[in-house]
Structure formats: structure tokens, C-alpha cells
Amino acid sequence: MDAHPLAATAGLWHDRLTMEAAHARAIVERLHLGDREEDGTPVIRRVQPAATTVPEEARPVAWLREVLEWTAVTEQELLIAGLTSDELRALRLLDRTTGSHSDRRYLARLELVAHATGDSGRLARLVKTADLKDRSFHPHFRREGWSPPYARALKLLSKARDDPHRSGTAAVPPDHPTRMTSAGAKRGAIPSMDVIAMKAHAPRFS
């Protein structure tokens with residue numbers, strides 16, 4: 001039995017330009033095994049609708065969008081498993097670690113997604129739009145009875161326009177706490193590809 005959920009994939013995908021959707025799904029099925037939302041819905045079922053409807057390029061992010069919140073997997077481990085820097089930045093934008101149980105806070109966080117630049121911002125918008133459309137038909141209510149303003153959120157994202165000439169890097173949401181990766185790097189830092197390549201050949205998850 002593997003000592004770590006990603007042990008079987010370490011070192012196999014580091015030379016790819018993008019993570020494949022099937023690989024992302026396999027990772028999610030291992031990491032989210034047994035995870036359920038407050039109403040008992042398996043997390044894997046919660047992420048599946050958006051992951052199967054977004055364009056192919058956004059599917060890895062759609063599958064993996066809950067792992068930073070729900071599991072103990074680190075960003076370094078995801079990078080070693082094949083996630084790209086842009087995909088990681090998109091996951092950071094979609095991560096809800098601090099929680100948002102009010103309309104104001106929820107929409108404020110969504111503003112970060114709506115105005116994020118670069119490929120990471122575009123990927124995050126594709127995934128979040130698909131997620132919100134699904135949630136509009138299957139709303140999620142928190143224990144205290146609050147449910148996110150899905151219609152207003154969709155309207156906010158619909159105003160965002162992706163300019164193919166836009167450049168830059170999507171910022172990590174400023175209210176995220178610092179999280180240390182297994183390599184000791186801060187959450188806001190992405191390890192160099194040289195480091196990732198070297199670690200991909202080591203028994204990283206033992």
C-alpha cells in the first residue's frame with residue numbers, strides 16, 4: 001500500500017507541458033476518498049460536473065480545485081505529480097481555505113478570480129463559471145442556512161473579459177495564510193522547475 005496518495009504518480013509526469021485530465025482525476029479519486037460535504041455528498045461528485053463540462057485545458061484544475069482545502073497534499077507534491085505553475089496559481093485563486101459565509105466576503109473573493117491576469121486567471125474563470133452554473137441548479141447550504149449568491153456571482157464573472165494579449169501572473173489571494181510545503185517553501189512561492197525535476201526522481205512520498 002502506498003505511503004502517500006500520490007506515491008504511484010511521483011516522477012512520472014514532470015516532463016509534460018500540462019497535466020492530463022485523466023491523471024488529475026486519478027489523483028482526486030485517491031485524495032478525496034471518503035471526503036463528504038456537510039450534506040453527505042461525496043466531494044468527488046461535487047467536482048465532477050464542472051470537470052466534465054469545461055474545455056479540456058481547464059479540466060485538471062476543475063478536478064483538483066478542492067484538494068488544497070480538503071486534503072493535506074502540498075503544492076510541491078502537486079507540482080511533482082505534473083501540475084503546471086499556471087494550474088497551481090488557478091487552484092490558489094479557487095481555494096476557499098479561509099471560508100466565506102457572507103455574500104460580501106464571497107463576492108469579494110470572486111473579484112480576485114474575475115480580475116486575475118494571465119492563463120491562471122483564465123483557467124480559474126472557466127472552472128468557477130462552470131461550477132457556479134452547476135451550483136445554481138444544486139445549491140449548497142451551510143449549516144447555518146447561508147447559501148452563496150450564485151446568480152450574482154455568475155453575473156460578476158460574465159463581466160470579466162479575457163483579452164488574448166493580457167499578460168501577467170494571477171496574484172495569490174492576500175487573505176490566504178502562509179502554508180509550508182514539504183520542501184519548506186512558503187505557499188506563495190513556486191519551486192523552480194530544476195528543483196521539481198530533481199525531486200521527481202527521488203522517493204518523495206515515502
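The values are calculated or read from the model by the stated rules, or taken from the named source; none is laboratory data. All of these numbers come straight from a predicted model, not from anything done at the bench. Neighbour counts run over all protein chains shown; Cβ positions are idealised from the backbone, glycine included.
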Return the only residue of Ala51, Ala24, Ala62 being touching a Gly at 6+ places or on another chain (Cβ under 9 Å) and modelled with pLDDT of 95 or more. Ala24
Kindly indicate whether any position in segment 158-175 is at pLDDT 90 or above and over 19 Å from the mean Cα position of the chain (by Cα). yes
Within segment 23-60, count every residue that is closer than 24 Å to Ser147 by Cβ, in a helix (DSSP H, G or I) and not charged (D, E, K, R). 7
Is segment 76-85 home to any residue that is surrounded by fewer than 24 Cβ atoms within 10 Å (Cβ to Cβ), in contact with a Leu (Cβ under 9 Å, 6 or more places away or on another chain) and of a type in the set (S, T, N, Q)? yes
Close pairs (6 angstrom Cβ cut-off, 6 or more residues apart or separate chains): surrounded by 14 or more Cβ atoms within 10 Å (Cβ to Cβ) in segment 129-155, β-branched (Val, Ile, Thr) anywhere: Ala130/Thr53; Ala130/Val54
Residues that are crowded, with 22+ Cβ neighbours inside 10 Å and either over 14 Å from Leu93 (Cβ atoms) or among the hydroxyl-bearing types (Ser, Thr, Tyr) (or both), drawn from segment 55-66: Arg59, Pro60, Trp63
